[in-house]
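Please read the structure below before turning to the comments.
The values are calculated or read from the model by the stated rules, or taken from the named source; none is laboratory data. These numbers were taken from a predicted model, which means no experiment stands behind them. Here the Cβ positions follow ideal geometry from the backbone for every residue, glycine too, while neighbour counts run over all protein chains shown. Heavy atoms of the whole protein, side chains included, go into the accessibility calculation; ligands, DNA and RNA do not. Shrake-Rupley method; radii C 1.70, N 1.55, O 1.52, S 1.80 Å.
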Amino acid sequence: MNIGFSAADEHFRQQVAQWMQEHLSGQYNELRFRGGPGDEDFAPGLRKQWERELAAGRWVGAGWAIEHGGRGLSINQQVIFYEEYARAGGPGRMGHIGEGLVGPTLAAFGTPGQQQRFLPAILSGQHFWCQGYSEPGAGSDLANIKTRASLDSESGQWLISGQKIWTSLAHESDWCFVLARTEPGSVGHRGLSFLLVPMAQAQIRVQPIRQLTGTSEFNEVFFDQARTAADNLIGQPGDGWKIAMALLGFERGVSTLGQQMQFQNELDEVVRIAKANGAAQDPIMRQRIAQAWSGLRVLRYNSLRMLSGVQDGSLRPEATIYKLAWSTWHLELGKLAMDVLGPEAELLAAAPYELTRLQALFLFTRADTIYGGSNEIQRNIIAERALGMPREAR
Amino acid sequence: MELALTEEQRMIQESAERFLAQVASSGAVRTAMAAESGLDHTAWARIARELYWPALAIPEEYGGLGLGFVEVCLLQEQLGRCLLPTPFFATCCMGIPALLLSRNQGLKNLWLPRLAAGEISASLAWTSAPRWDDSGVQVYAQSCAGGYRLNGQYLYVIDGAECDLLIIAARTPGSIGEAGIRLFAVSALTPGISRQQQPTLDQTRRFSTITLNDVVLNDEHLLSEPGLGWPLLRDVLHMACIGLAAEQTGGAQKVLDLTLTYIGGREQFGRSIASFQAVKHRCADLMLAVECARSASYYGACIADQCLNIDGDPSAQLQLAEAAATAKIHASEGFFNCAAESIQLHGGVGFTWEYDPHLYFKRARASEQLLGTPAFHREQLARHIFGERP
Ligand SMILES: Cc1cc2nc3c(=O)[nH]c(=O)nc-3n(C[C@H](O)[C@H](O)[C@H](O)COP(=O)(O)OP(=O)(O)OC[C@H]3O[C@@H](n4cnc5c(N)ncnc54)[C@H](O)[C@@H]3O)c2cc1C
């Protein structure tokens, strides 16, 4: 075990920091520290342009293998990139789903042809993606998907009908990956397939849903005989569940360190306010702030352990705790921020319902424990997979 | 940056686990608990003189094996699993680090080879009050002809009645706070030192009260350089917190394992009680707590390791205090929760003397207090976070 970075890594850190300083400026200044969770509908157009700025610097997909157009950065370098990105106030990544989820999935399961068709547009910041998993009847019980897809013999295309819900940024996306039932009459996780579907077609209707934040980051997406090419199915028909689960595994990657740097920025703001308004003198607030601070250190150490050692892609038992750990920590930070602010926390940034950054944090952290597998589902996973306890009745 | 065990570290961990599985059964722990010394001297003799565990972190020039504090913490974790009462913690997480951090070459030459050979054990006596910061140092060292005359009483000295070498802290009369503190290394048999073991709620770790009555020492006994007594003591206490956190992690893991085994075999309502979601979710939360404790104590161990190593990363020194506090907070809370939930999930048998959960529960409670509660360490962190001290 060792905790230091090599001299070469530290040099790389300086390069990243310098690049960020030079490029996150001018017209992009207004993006600094914006667009994160709770703020994802902020300046989407400019943030897409920022993605192209990143792409020009070859920072999109920097962790991908060189054969897929990435830089093949080491784990340590990726950690450093995400840390420096967040430290500099890099905005929430519009390209996150393409870079972090679709890219690795195609690298693992796609054909060379599919890789060549989809990866370059992700790397260049041209195509943005959304995730079409959840449905009204398929939330935690994701296998209960009802959306159907069938191969149309006439056009040779897949025809997709059904409804997705809670689809983040669907209204800003060019492509959607859809989990749909391709085997008529199948139930549960059998008979599902993983399809890549272009959003720009009349057979897809996107209907924003207003969130408790007052903004609309997620949507209902209706598919009415929507089309996609026959070879936009990843893997084989019926492989959908396997691929969907593998994709969720990619979420627990190196980007966790960058997420923590963003958490650190949030905590720093809470500390600043506590110093300014006297909360720093309150013994109970001191305890809670210190607990949050040390809890964030522990999240970091957890991640460093998760990223160390054998990188065979297998999910080690200790990795199952990650989502539960950070979502619970972040939820408490949101509450702490409000408590430190006191009555001030009630005042909006502006009418009719413009939230301050910390109000957005407070409200959005209530979603952290729901999306991507709720805390209850995470506890089931930990109990069953890591502790070997009996499985739930299904 | 690599927070995973090396091959060699894994071997050390596994061989320790195998050895302790032989010698540290619940029965052996209970025998040691009932012994007057409170220690398992037979197991300790093998640990110290056959397995050379105390020699691990001592440099080769003193007859040690030249490994580091990470290895010490791995052994602490294993010892924490089985609760075996030995002088390992006091010797290797307090006594030896104090000598390693000292620049008194004479004292190092005198004591480190004997510690490495497993001939002696050590402990740290420093606080005279239920306090874990500089204000606890209330034994006074009055200058006298040829040196210092020490008077006062230490509380909560771990294995104090049984150890051979004592690291003791004392302050100049009239001094307060961090100033005026000196650290000495003395034989526990020095005239004027009397030691009284105290009966403790946690019978797996004994405290002693140690009284100094006109103990006369000189500069040859002095571990610390002028003005640097508190920094030395403080660093040793941080390392002790990290070593203790590793031990707490082991205890937390083992008591969770015991719980999982028990509930896996117990049926009610016609099914295993482990199949109830209310039970599963509590166990999931406990596993989260154990892994957080482990991450924090491993990181702390790496930092302490760098601080003890002359060629170590100098930035580690700046992180030692926060790493120690973080480890102690999370390991204390994790261990206590795991032990408390263990009693609950065992039901009636969890309340018996015969079953082991109470041993872990009592150890968890004692360890949470020892060297400062989580609340104490959070307050230390708060001062750091708000920049209230350099
Ligand atoms: C902000 C946000 C963004 C999202 N973005 C996307 C997206 O881009 N794409 C996408 O596909 N989905 C997205 N989702 C959907 C998200 O993944 C689902 O909301 C989540 O899986 C929960 O499903 P549900 O809403 O149907 O709740 P339900 O499954 O109905 O759960 C309701 C409650 O019951 C509990 N519960 C359910 N099953 C169990 C069980 N077996 N044991 C114990 N408790 C249980 C849950 O934990 C929860 O507390 C998003 C959600 C949010 C909030």
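Some points to look at:
- In this structure, B:Cys292 does satisfy being in a helix (DSSP H, G or I) and either among the aromatic types (Phe, Trp, Tyr) or at the interface with another protein chain (Cβ under 9 Å from one of its Cβ atoms) (or both).
- Strands (runs of 3 or more DSSP E) completely within the range B:74-187 that count 3 or more residues being polar (S, T, N, Q) and crowded, with 19+ Cβ neighbours inside 10 Å: none
- Condition check for B:Phe19: touching an Asp or Glu at 6+ places or on another chain (Cβ under 6 Å) and among the aromatic types (Phe, Trp, Tyr): no
- Being surrounded by fewer than 22 Cβ atoms within 10 Å (Cβ to Cβ), at pLDDT 95 or above and part of a loop (DSSP other than H, G, I, E, B) is true of B:Gln203.
- Note on the range A:121-139: among residues that are under 18 Å from A:Thr105 (Cα atoms) and within 12 Å of the ligand (Cβ to nearest atom), the one that is surrounded by the most Cβ atoms within 10 Å (Cβ to Cβ) is A:Gly132.
- For the range A:263-290, a residue qualifies if it is free of Cβ contacts under 8 Å to residues at least 40 places away in the same chain, open to solvent by less than 60 Å² (accessible area, probe 1.4 Å) and at the interface with another protein chain (Cβ under 10 Å from one of its Cβ atoms), and the qualifying residues are A:Val271, A:Ala280, A:Arg286, A:Gln287, A:Ala290.
- Counting only strands (runs of 3 or more DSSP E) that sit completely within the range A:141-193, those holding 3 or more residues that are open to solvent by less than 20 Å² (accessible area, probe 1.4 Å) correspond to A:157-168, A:175-181.
- Here A:Ala202 passes the criteria (1) modelled with pLDDT of 95 or more; (2) within 21 Å of A:Gln115 (Cβ to Cβ); (3) not in a helix (DSSP H, G or I) except the one numbered (2).
- Note on the range B:312-390: enclosed helices (runs of 4 or more DSSP H) holding 3 or more residues that are within 13 Å of chain A (Cβ to nearest Cβ) and open to solvent by less than 40 Å² (accessible area, probe 1.4 Å) are B:315-346, B:374-385.
- Scanning the range B:235-275 for residues that are more than 13 Å from every other protein chain (Cβ to nearest Cβ), under 17 Å from B:Pro97 (Cβ atoms) and in contact with a Leu (Cβ under 9 Å, 6 or more places away or on another chain) gives B:Asp235, B:Val236, B:Leu237, B:His238, B:Met239, B:Ala240, B:Leu244, B:Glu247.
- Here B:Glu14 does not fit the description of being open to solvent by 10 Å² or more (accessible area, probe 1.4 Å), in a loop (DSSP other than H, G, I, E, B) and of a type in the set (D, E, K, R).
- Matching residues, the range A:341-375, being touching a residue at least 60 places away in the same chain (Cβ under 8 Å), within 14 Å of chain B (Cβ to nearest Cβ) and in contact with a helix residue (DSSP H, G or I) (Cβ under 7 Å, 6 or more places away or on another chain): A:Gly373
- Which numbered condition A:Tyr85 misses (of (1) more than 22 Å from B:Met1 (Cα to Cα); (2) in a helix (DSSP H, G or I)): (1)
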